[in-house]
Every structure is written in structure tokens, then in C-alpha cells.
Amino acid sequence: MTTPTKLKPVDAVVIGSGVVGSIISMELANAGVNVLCLERGRSAEQQKDFVMPYVQDELKFDRHSDIFQNLSRETITFRNNMTETALPMRELGSFKPGEIVGGTALHWGCNARRQLPYDFDIRSRLEARFGKKYFPEDCTSQDWGVTYEDVEPYYDQFEHIYGVGGTAGNLNGEIRAGGNPHEGERSREYPNPPTKRTPQGELFAKACQELGYHPFQGPAAAMTRDYMNLYKNFLGECARGGFCSSHACSQGAKANPLTAVMPTLLKQPTFELRPLSNVIKILTDSTGKKATGVIYVDARGRHFEQPAEMVILATYCFNNTRLLLLSGIGKPYDPISQTGVVGRNYSYQTGGRVEVFFEDREFNPFIGGGMVNTSVDDLNGDVLHSQPRDFVGSAYIAVSTAGATPIKSKPVPHGTPRWGAGWKKAVAHNYRRAFSLGIHGSCMSYRGHYLDLDPTYRDSNGLPLLRMTFDWHQNEQKMLHYMNEKVSEIAKAMKPSSYHARAPYTKYSIVPYQSTHNMGGAAMGADPKTSVVNKYMQSWDVPNVFVVGGSAFPQNGAQGPTETIGMLACWAADGIKEVYLKKPGQLMV
Amino acid sequence: MAESSDKHAYGYLTHAEVRFLEAACERLIPTDDLGPGAKAAGVTVYIDLHLQSEWGTHGRNYRSGPWLDGTPQQGYQSRLTPQEMYRAAIRETDLHCTAQYGKNFDALSGEQQDEVLLAMEHNKLDLPSVSSRVFFDMLWRNTEEGFFADPIYGGNQGNVGWKLLGFPGVSSTIYRELLSSKEVYRAEPVSILDIKSGKASVDGQGFPKHIPIKPV
């Protein structure tokens, strides 16, 4: 390695400019902290780079766009279990991390659900109810170290940054019509109205009501009206033109770092954004207990040392974990001896669907996007686990109208040939006559599912790649089989011509797209033996390092992580401003 | 040969490969009473252009060794780029067809072509350099892309893939009002290519004006 050029110190280095990095930068810069944000990806401007009609290009954005991670420089390796040799993920498939200013949130699908109170203390709550054996023996799922009540104000704050639209179902304890009656108590109504209900959503809602469920319009962070947010950025109303998830938005209607934070953040004199700056190490002093700054590589390959009083690691789940491992911060997790924490508690997201076909009806499946959805939470959290089940975990069920794009969204009845004349006839007939009831399920964490450094494969800087060891556990498969049964009942009540539940995957594969909800590796918690950061997202080992993001999830709930990741950014920023900065370098209690 | 696609200059594919792909893709998405198939849609043109893109050389893929076969769950592990995969697989499939049927793939009957394609799909065709299933999956993925992607990429000519589905292409501003409507919305598809070439006009925000299709 060339000797790094040492730069002028700053108060705080924020690594990553995605949903977390942008909000923490804004909060700290507003408080007078000099913030330097280092982003490995290129810079982007909403109004220059993402314009009509070019954003409505399924081939580019679903498969090849440069807003996703360039694997030629860095990827992960993967294996299903410890007996296999991990091999590099050579092309994108199962998930799509971002590599651009704005990060993965640039192309998120706008699903903005809070976790349930149940999710934050799932382990103690269910063990108190059903005993210690309720969890599988190898399950490492644990409480978060914070309760829903602790973080509620920060959910509210994030919703007013990302302009979330919905109807409060539980406003200060009062259950309200049209909202989700099973949600945690809210202190305030959503900043924007809910999405309108589609005809598909209406069919689903009617069937759910017949079965005694409580349908509601699921919260969405694509604007349901023109909106000026908490940071004084303007977001326009969503045009419902589809091409949403995995695409950038030409309307600036999708709340993301580029639309909701960057315009006013970039005007802050206390803030600097440095794109194409890839941090490869967090530096610590001789005690190993204090970070002194970071090393990063710029686009020309030059190495720089950036001294800082504090370092905030705000990247995707994988890189938060990998940078800790490459920097020797925190003890790496060893699944054999059950010691160490960094890389422990990796989890993902389960999914399924029941497809419904109507011979006598046609829909407009291409109209939608911006997370227009009708949902039920009656098979989720405490509602489901009010009585014992033979699995842990749960799901929300939704009819989402994302805008059916022609390469990937062509539902056909079970048994249709994969190609040829029979296939052609089936896609033509069913494109406008079918849709899905989606199952969005939780994923527990387990002893044998973890992240560590690969012994063989390296990135373009010569550093070890992160290795993922993961498979679907029997517990998640049982949960999905149960959901298939229950959701098939809803499908049947919709009186379609036919319906079909997709069988759950048995082995996890890195190939088909499933979900960009990779979680854990640097779990938060109350016990340093089982967590990397404390409840303020502060490293137990190096107190001037904060690790914030999806990496902090001890396991993944059903709700989709982005809203909670955004909330954690607001929560961590508040702790830093109100407590940490008064006694810098101290472990917060 | 007097095929319409002959007017296209192929940047990567050889003449023999074009003939193979036109025949194979047309079996995958055939011309029938519903409309044109892959050949008329220009899927081979799409594949040729796509092979010349960054994807064709796996420019954004991780390409360091060691190269091991791995499990199906570990995904693509061949050291061949898509360019190299097409070149090797087409040549070796044609050699198989010559040995088996005495003719190249493109000269076989439709039933024989389906027989070969099915064998590849189920990995029952042993090719020396590549897994026939891996090649089939790539070919089918690219055929579907070529038939349904925006015509700006060379396939889906005349928006035939979108007409087949009833997909109107680039969205209209009217969608917002139609979100809750039970009225079936039909419009002539508009592509990025139509807008770029001036065939479709757009409003101040860049949304095209759709021409509704009257129900029959």
C-alpha cells in the first residue's frame, strides 16, 4: 500500500451517504459538527440523472444499472453451510445493494412500515408467554436493547423526513378506522394521506373483511401529495407510472437521500460530501479503544488518511460488518466456540405469494408503483402468537400494485410450459387478469448463519471479501407453509377462477432476485457478549465509533427494514447530539 | 439469404450464429395467431447488441479465480463471459446436431429443434465446454429480454411484445387518476425509442400522450 496522504482533521467522518449516512450527516451538521461524508459510489443529481422517459427502462434498472454495486471491484462470497467452500457472487441476483450517492435507498420500493412493539423484544416476550423452548435450539434471535416506546418519536421524525403516507390505526391508544389496529401506538398522524385503493386491493380487502381480518392501506414513502418535508426539501406527488422498486424516480416522488435530504444538506457549510471515496479501514490508536480516523482510496487509487474525532459507519449491512472485521474492531464471531460478535446474527427476509387469476376480469396492472398496497397484519406479531405455533416469526400479507413491467411480471397458471407457443398464449392471456397476494415474512437468526472474512477471495484493493454462510431454516419454511394455507383462504374468498400458492424455497440460492433486505452482522443489544453496539449504536469496544444501519438488526421482522433503519439513524443522531457530544469518548449508558 | 434481419450489421455474432439464434429464439417465442415471434421482433439483433454491451463481457461481474463449479445455489461460476459462452455453446450444439441429425440446428424441423432445446434445458445435452443448462438459461433470459425490453435495445420491434400483453409502455399522467378505477385502460404502446425518434409526443414533464385503443 502507498503511504496515505494525511488530511486536515474533521469532527466526524460518516461512511456512506445512504438512508443512514445522509440523515446522521444532516443532524450533526445542523448541530454545528463538521461532518465529512465519504461515499464509495459516484455522485448523482436527481434532476439531471433520472429523467423521463429514460428511467422507465426495465432492462437497465432491473438488471444492469450502475446505481447498483459494481461486483468487478467488490462482492461477497456465499455458501449454504460451513461444510461447503464459499464461492464469489459473480453477478447480482438475490439482492441489489447500491453504489452511488444515496445508496441502496435510491432504488428502494418505498415500503415504510414501522416494526411492531413485539419485534423489539420478541425473545423475552415469547419466552415469557410460551417458555424457553419456543425458539429453535440454534436460534440466536434476541431483544434489541430498545423498546418500541423508546424509539417511537424517532419513527415519527423519520416519517416527517420521508413524507410517509398512511392512516394511523392506533393514535395515542385510540384505535381508528382505516388504519392498522395491530400497530404500535403512534404519537402523531402520518404526515401524508394514505394511498388510494386499487381494484385489486379492493377485492383483497373485501375477502379479508369476510374472514374477520382488518385491511388497511400500507404506509408508503412515495408522496401521496406534494410535500415539503422536515428538512425543507420539496417532494412531488407520485405519478403511479410503475418502474419504481429497483429504479430511480424521475418525479422526485420517491423519498430517498437524493430527494429528501441532500438538496438542503449540500448547502450546509458544516457538511462536505466526497464521492468515489472508498473507506478501507477505520484507524485506532495504540490502545485499540479509540478511533483516530479512516483510510480511504479515491478514484485515482490514491490513499488518504482522514483524521476524525468520531467515525460513523453508515453503510449497507455487508460493509458495516466487513469494515469492522478489516479494522479489528470488536471480536469476530466464531460459530463453533459460540464466542465473538462481529458477523453474528445475519438474517434475511422470507417471501412468498399466492397468485390469483380471473377469467372474467381485466385489471390495469401497469398502473401503480410507490408502494400502493392493501395489507393485513392479522397474521403478524402478537396476533399470530397469542396462541402457540410450531414456528417463531410471522408475516404481513399485502396486495401491492407495483406496476407490472413486461420482462419480469408475467404471472401464468401453475403447469404452464416455460417457453414456446403454450407459454406465449398463457402470458398474453393472463398479464391483465392476474395478480399476487404477497407474503412478507420475518427471518430469525441462527448460530450457523453468519458473516466473516473469506480465506481465499479478495477485492480489487487486495482485501478479503466478506463471506456469507446462510440457508433457509426449517422454522422459516414451517412459517411459510402456514402462511400459504392462510393466504390461500383469502385468495379463495376473492372468488378467482384459479389460484396457486408458490411452494417455499427449500435451499437458499443467490441466483433469483428475492429481497434487498440483508440484515445483521453488527447487532445492537444490551449485552456486549451478544451484540456489537449498545442501544445507542455505539461500539462496545471503541466508543467513538457508531455503527448504524441494517447491520444492527439482531433478526429481521416481517415489516421490511428501511423505515426502521431510518428511525435508527434519527435515534443514533439524537443520542450523539444530546448525550455523547457532552462527554465525547465515553460509553453511553 | 433474403431475411429481413440481413440488413442489420452484426457486431459480434457470426452469420452461422445468427442463423442458429433466429431459429432457436423463434422456437422459444414462436410466431402464431397472437402475433409475431422472436425473429420478427428482432431478438437476435438484441442479443448481438447486448453481447457487445458491458454485460457481454461481464464487465460488472467479479472475475477473479479460483474458478470452481460450486452448487447451483452459488450461481454463475463459469469462467466464460456471455460472448464466449454463446460462441462455444452454439458451435458445440451445431456439432451435436450434425452428428445426431446430419444437419445444423437451423436446418432441423421444428420438432427436432424443440427436442434439442429441451435436452439443453434439462442438462441432458453434454457439451464439451459449457453446461447446456447454463447456456439455455442465458439464452432464454436474453430471448425474453429481447422480446419485452424497450425497442431501443434492438428487440421488441414495433412494440410487439408489449402489444401481446397489453402493456402501454412509457406511462401516461392519466394513471394517477385511474389508480382506483375499474375501467380497463388500453392504449397503443409508447416506447423510449418512439419518443426519441419523434413518433410519440410528450408533455412538459416528459410523459407521452397515449392514444387509446377502442374496445372491439
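After finding the eigenvalues of the alpha carbon gyration tensor for the range B:75-138, what semi-axes result from the square roots of 5 times each, listed largest first in whole Å?
21, 12, 9
Of A:Ser250, A:Phe216, A:Leu203, which is farthest along the charge dipole of the range A:195-301 in the positive direction, counting Lys and Arg as +1 and Asp and Glu as -1 at C-beta?
A:Ser250
Any idea what log10 I(q)/I(0) is at q = 0.15 Å⁻¹ for the range B:168-216, Debye with uniform C-alpha scatterers and no solvent?
After summing over all Cα pairs, the log10 values are -0.41.
Among the GluC sites (Glu not before Pro) within the range B:1-66, which fall in a DSSP loop and have no more than 14 other Cβ atoms within 10 Å of their own Cβ?
Here the sparse-neighbourhood loop sites are B:Glu3.
Only loop residues by DSSP count here, and only those with at most 12 other Cβ atoms within 10 Å; note down the trypsin sites (Lys or Arg not before Pro) in the range A:465-514 that meet that.
A:Lys507
I want the antiparallel fraction of DSSP beta bridges within the protein assembly as shown, as a percent rounded to 5.
65 percent
How many Å³ per residue does the convex hull of the Cα positions in the range B:102-216 occupy?
Convex hull volume per residue, Cα atoms: 186 Å³.
Are there trypsin sites (Lys or Arg not before Pro) in the range A:209-272 that DSSP marks as loop and that have at most 14 other Cβ atoms within 10 Å, and which are they?
Listed in order of number, the matching sites are A:Arg225, A:Lys232, A:Lys267.
Expected output is a single nm value to one decimal: the length gained when fully extending between B:Ala107 and B:His122, i.e. 0.36 nm times separation in residues minus the C-alpha distance. What is it?
Net length gain for the segment: 3.2 nm.
Please give the charge dipole size of the range B:4-163, origin at the Cα centre, charges +1 on K and R Cβ atoms and -1 on D and E Cβ atoms. Round to the nearest 20 debye.
The calculation lands at about 400 debye.
Between helix B:15-28 and chain B, what is the angle of the helix's C-alpha long axis to the longest principal axis, kept within 0 to 90° and rounded to the nearest 10?
That works out to roughly 60 degrees.
Charges only on Cβ, +1 for Lys and Arg, -1 for Asp and Glu: so what's the dipole of the range B:168-216 about the Cα centre, in debye to the nearest 20?
Roughly 80 debye for the range B:168-216.
How large is Rg/Rh for the range B:4-163, to two decimals, with Cα atoms and a Kirkwood Rh?
Rg/Rh for the range B:4-163 comes to 0.96.
Once every DSSP H run of n ≥ 4 in the protein assembly as shown is given -39500 (n - 2.57) and the sum is divided by its residues, what mean residue ellipticity at 222 nm do you get, rounded to the nearest 500 deg cm²/dmol?
Per the formula, -8000 deg cm²/dmol.
Using only alpha-carbon positions, what ratio does the radius of gyration of the range A:445-585 give when scaled by 2.2 N^0.38 Å?
It is 1.38.
In the range A:46-61, whose amide N lies under 17 Å from the spot 7 Å out along Cα-to-Cβ of B:Ser201? List them in ranges.
none
Once amide H atoms are built 1.01 Å from N in the peptide plane, which residues 5 or more positions from A:Tyr457, or in another chain, come under 5 Å H to H?
A:Leu465
Partner chain Cβ atoms within 10 Å, averaged over the residues of B:24-33 - can you pull that number for me?
3
Averaged over its residues, how many other protein chain Cβ atoms are within 10 Å of peptide A:44-57's Cβ atoms?
The shielding value for this peptide is 4.
Using the Cα centre as the reference, give the magnitude of the dipole from point charges on the C-beta atoms of chain A (Lys, Arg: +1; Asp, Glu: -1; all else neutral), rounded to the nearest 20 debye.
1100 debye
For the range B:108-141 and the range A:67-127, what is the centre-to-centre distance using only Cα atoms, to the nearest Å?
Cα centres, the range B:108-141 to the range A:67-127: 33 Å.
Taking the mean number of other Cβ atoms within 10 Å as a proxy for protection, how do you rank A:50-63, A:395-408, A:414-427 from highest to lowest?
A:395-408, A:50-63, A:414-427
Report the one residue of B:Ser132, B:Thr57, B:Val18 whose Cα lies farthest in the direction of the positive end of the charge dipole of chain B (charges on C-beta: Lys and Arg +1, Asp and Glu -1; origin at the Cα centre).
B:Thr57
Test of understanding: extend the Cα→C-beta vector of A:Gln47 to 7 Å, then name every residue of the range B:195-216 with backbone N under 15 Å from that spot.
Hits in the range B:195-216 for A:Gln47 at 15 Å: B:205-206.
Given an 8 Å cut-off on Cα distances and at least 6 residues of separation, report the relative contact order of chain A as a percent.
23 percent
If each residue's Cβ is checked for other Cβ atoms within 10 Å, how do B:His50, A:His440 rank with the fewest at the top?
Ranked by crowding around the Cβ, least crowded first: B:His50, A:His440.
When only C-alpha pairs under 8 Å and at least 6 residues apart count, what is the relative contact order of the range B:4-163, in percent?
29 percent
Averaged over its residues, how many other protein chain Cβ atoms are within 10 Å of peptide B:61-69's Cβ atoms?
6
Identify, among A:Ser531, A:Thr506, A:Asn518, the residue whose Cα sits farthest towards the positive end of the charge dipole of the range A:399-556, taking +1 on the Cβ of Lys and Arg and -1 on the Cβ of Asp and Glu, with the dipole about the Cα centre.
The residue sitting farthest along the positive end of the dipole is A:Thr506.
Could you please report the charge total around A:Gly343, scoring K, R as +1 and D, E as -1 over all other residues with beta-carbon less than 11 angstrom from its beta-carbon?
Its environment carries a net charge of +2.
So what's the Cα pair-distance distribution over the protein assembly as shown, bin width 20 Å, in %?
16, 49, 31, 4, 0
None of the figures in this text is laboratory data; all of them are computed from the coordinates on show. Remember, predicted model here, so these are calculated numbers, not experimental data. For neighbour counting, all protein chains shown are included, and Cβ atoms are generated from backbone atoms with ideal geometry for every residue, glycine included.
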